[in-house]
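Worksheet for the structure shown next.
The values are calculated or read from the model by the stated rules, or taken from the named source; none is laboratory data. Predicted, not measured: the structure shown is a model, and the values here were computed from it. Quick reminder, even Gly has a Cβ in these numbers, built from the backbone with ideal geometry, and neighbours come from all protein chains shown. When the accessible area is computed, the model is the full protein with side chains, heavy atoms only, and any ligands, DNA or RNA have been set aside. Shrake-Rupley method; radii C 1.70, N 1.55, O 1.52, S 1.80 Å.
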Amino acid sequence: TNSTGNTFNVLGNTLFEADASGIASFIDNGTSTFTIAPIVQQYLTNNVWHYVSSPVSGALSGVYTGIWLRTFDELTDSWNANITGTGIPLTPAMKGYAAWAPTNPATVLFNGSLNNGSYSIPITAQSSGSNNGWNLVGNPYPSSLNWDAAGWGKSAIDNTIYYYSGNSGMSNYYYYVGSGTAPFVAANNGTNEIPPQQGFFVHATTNGTLSVNNNARIHSG
């Protein structure tokens, strides 16, 4: 953590690492300057879907070259075709994606300015099907988030997060019901702690906005 009032200057290279054992976490409450844009790693095990998001500004789909990448369409309540272009911006900052490394574990390298400050993303409930309102969003920061912390704006959405356990089927989603609405942790260990670069689903009752700021950031194991 770079504490409030501190200045953190890096003149050389910066690498926030990730591997099978864990992922780096950085919270900037002061002022950080990187002469060379930092690199943030994202580790993906192979042959399983991961819900992911970008921790830096300006990232393009090409960081997932050789990895299947797709978005979820609330309007049709279905997954879109895999993204094939390499120059598609991974925006807005809180957008979630599904990624699959088909052959071997993969390490994605995000290179750019670390996301810091306030972010928001439109949330829709427009699908004509019975399962409308499902939006895949993501943690925009290089640190974890506390779903129960101050700093969230949850307009028109249920106070619950859902993220994938890696096994097929709806029964294999982790979920957590936020405080103030009968807090409950599911049997498959959903928690209020959203890891760095983690994508997750929220459910909208009407069109609205999900927003977050620095007050929701935490370090988490």
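So for the range 69-82 (the condition being without any contact (Cβ under 8 Å) to a residue 60 or more places away in the chain, within 17 Å of the chain's Cα centre (by Cα), in a loop (DSSP other than H, G, I, E, B) and closer than 18 Å to Pro140 by Cα), does at least one residue qualify?
No, there is no match, as no residue in the range 69-82 is without any contact (Cβ under 8 Å) to a residue 60 or more places away in the chain, within 17 Å of the chain's Cα centre (by Cα), in a loop (DSSP other than H, G, I, E, B) and closer than 18 Å to Pro140 by Cα.
Six or more apart or on different chains, Cβ under 9 Å: which pairs go from a residue in the range 147-168 that's free of Cβ contacts under 8 Å to residues at least 12 places away in the same chain to one that's part of a strand (DSSP E or B) and surrounded by 14 or more Cβ atoms within 10 Å (Cβ to Cβ)? Could you list them?
Matching pairs, first to second residue: Ser168/Trp49.
Taking the range 83-127 only, how many residues are assigned to a strand (DSSP E or B), of a type in the set (Ser, Thr, Tyr) and under 13 Å from the mean Cα position of the chain (by Cα)?
Counting residues in the range 83-127 that are assigned to a strand (DSSP E or B), of a type in the set (Ser, Thr, Tyr) and under 13 Å from the mean Cα position of the chain (by Cα) gives 3.
Checking the conditions here, which among Ser113, Ser54 is in contact (Cβ under 8 Å) with a residue 60 or more places away in the chain, within 24 Å of Ile194 (Cα to Cα) and open to solvent by 70 Å² or more (accessible area, probe 1.4 Å)?
Only one candidate qualifies: Ser113.
Please tell me if Thr71 is under 30 Å from Gly151 (Cα atoms) and modelled with pLDDT of 95 or more.
yes
In the range 157-192, how many are open to solvent by 30 Å² or more (accessible area, probe 1.4 Å), assigned to a strand (DSSP E or B) and either touching an Asp or Glu at 6+ places or on another chain (Cβ under 6 Å) or at pLDDT 75 or above (or both)?
Residues flagged as open to solvent by 30 Å² or more (accessible area, probe 1.4 Å), assigned to a strand (DSSP E or B) and either touching an Asp or Glu at 6+ places or on another chain (Cβ under 6 Å) or at pLDDT 75 or above (or both) within the range 157-192 amount to 5.
Just one of (1) modelled with pLDDT of 95 or more; (2) more than 17 Å from the chain's Cα centre (by Cα) trips up Ile23, so point out which.
The number of the failed condition is (2).
For Ser144, are the conditions met, namely being modelled with pLDDT of 95 or more, under 14 Å from the mean Cα position of the chain (by Cα), more than 25 Å from Leu75 (Cβ to Cβ) and not β-branched (Val, Ile, Thr)?
Judged against the criteria, Ser144 is a match.
Scan the range 47-100 for residues that are touching a strand residue (DSSP E or B) at 6+ places or on another chain (Cβ under 6 Å) and of a type in the set (Asp, Glu) and jot them down.
Across the range 47-100, the qualifying residue is only Glu74.
Only one of Asn47, Asn6, Asn29, Asn2 is on the phi > 0 side of the Ramachandran plot and either free of Cβ contacts under 8 Å to residues at least 12 places away in the same chain or out of contact with any Lys or Arg (no Cβ under 6 Å at 6 or more places or on another chain) (or both); which?
Asn47
Being free of Cβ contacts under 8 Å to residues at least 40 places away in the same chain and β-branched (Val, Ile, Thr) narrows it down to one of Thr124, Thr65, so name that one.
One residue alone meets the criteria, Thr65.
Can you name the number of the only condition in (1) open to solvent by 60 Å² or more (accessible area, probe 1.4 Å); (2) part of a strand (DSSP E or B) that Asn135 fails?
In the conditions (1) open to solvent by 60 Å² or more (accessible area, probe 1.4 Å); (2) part of a strand (DSSP E or B), Asn135 misses (1) alone.
With the requirement that a residue be closer than 26 Å to Ser165 by Cβ and either open to solvent by less than 60 Å² (accessible area, probe 1.4 Å) or among the hydrophobic types (A, V, I, L, M, F, W, C) (or both), what does the range 8-45 give you?
Within the range 8-45, Phe16, Ala18, Ala20, Gly22, Ile23, Ala24, Ser25, Val40, Gln41, Gln42, Leu44, Thr45 qualify.
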